[in-house]
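Enquirer: I'd like to ask you about the structure that follows.
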Amino acid sequence: LADYLKVINSCRDENLVLHVAEGVARIGTKYRDPAKLEVRFAPDWLSFLPLVWGDYWVLDIDRLYTSVLVGSPDYRFLWILARETSISSEKYQELVEKARRLGFDVSRLVR
């Protein structure tokens, strides 16, 4: 699995229930760009199906790897991710503004 990265995304909902999704990422076979990943949260035995892989593009990452802006090339999906449980309002707004400039509908973001 040297060509794969483990992906763990987690968040708490409005009732503070923790939701965790574990998957794997690989450099997108269509793009050969280390910032343009394909991610799969489906079981290993389904990995041969193209439908289980989704585009997961790193659009911005800070130099300390503490926050990242991730989106899909069709502009349907957008995430602001952080290593810690919270992100400063300033950093969050900076990433929201970057996403807006890139053409994403940021009105659907939930903090």
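Enquirer: Counting other Cβ atoms within 10 Å of each Cβ, which trypsin sites (Lys or Arg not before Pro) in the stretch 54-108 have at most 16 and sit in a DSSP loop?
Expert: The qualifying sites are 63, 76, 83.
Enquirer: Now for a separate question. Just to check I understand the Karplus step: with θ = phi - 60° and J = 6.51 cos²θ - 1.76 cosθ + 1.60, what whole-Hz values come out for the stretch 53-62, glycine and proline as x?
Expert: The phi angles translate into 9, x, 5, 9, 9, 7, 9, 7, 8, 6 Hz.
Enquirer: Tell me the mean residue ellipticity at 222 nm calculated for the chain from its helices only (DSSP H runs of n ≥ 4, each -39500 (n - 2.57), averaged over every residue, nearest 500).
Expert: -4000 deg cm²/dmol
Enquirer: Per Stokes-Einstein, at 25 °C and 0.890 mPa s, what whole-number D in µm² s⁻¹ belongs to the chain, with the Kirkwood radius over Cα pairs as the hydrodynamic radius? All intermediate terms of the calculation are to be shown ahead of the outcome.
Expert: Numbers: Rh = 15.1 Å.
So the translational diffusion coefficient is about 163 µm²/s.
Enquirer: List the chymotrypsin sites (Phe, Trp or Tyr not before Pro) in the stretch 1-72 that DSSP assigns to loop (not H, G, I, E or B) and whose Cβ has at most 12 other Cβ atoms within 10 Å. Which are they?
Expert: Counting only loop positions with at most 12 other Cβ atoms within 10 Å, the chymotrypsin sites (Phe, Trp or Tyr not before Pro) in the stretch 1-72 are 48, 65.
Enquirer: For a quick check of your reading of the filter: which GluC sites (Glu not before Pro) in the stretch 1-94 sit in a DSSP loop and have no more than 11 other Cβ atoms within 10 Å? Could you put the intermediate results ahead of the total?
Expert: Working: sites: 14, 22, 38, 84, 90, 94; in loops: 14, 84.
In loop regions of the stretch 1-94 (DSSP not H, G, I, E or B), the sparsely surrounded GluC sites (Glu not before Pro) are 14, 84.
Enquirer: Under Stokes-Einstein, with the Kirkwood radius over Cα pairs standing in for Rh, what whole-number D in µm²/s applies to the stretch 1-60 at 10 °C and 1.306 mPa s?
Expert: Value of D from the Cα-based Kirkwood radius: 126 µm²/s.
Throughout, read-outs are computed from the coordinates displayed, never taken from laboratory work. Only a predicted model underlies this, so the values are computations on that prediction, with no experimental measurement involved. In this analysis, Cβ positions are derived from the backbone assuming ideal geometry, glycine residues included, and neighbour counts consider all displayed protein chains.
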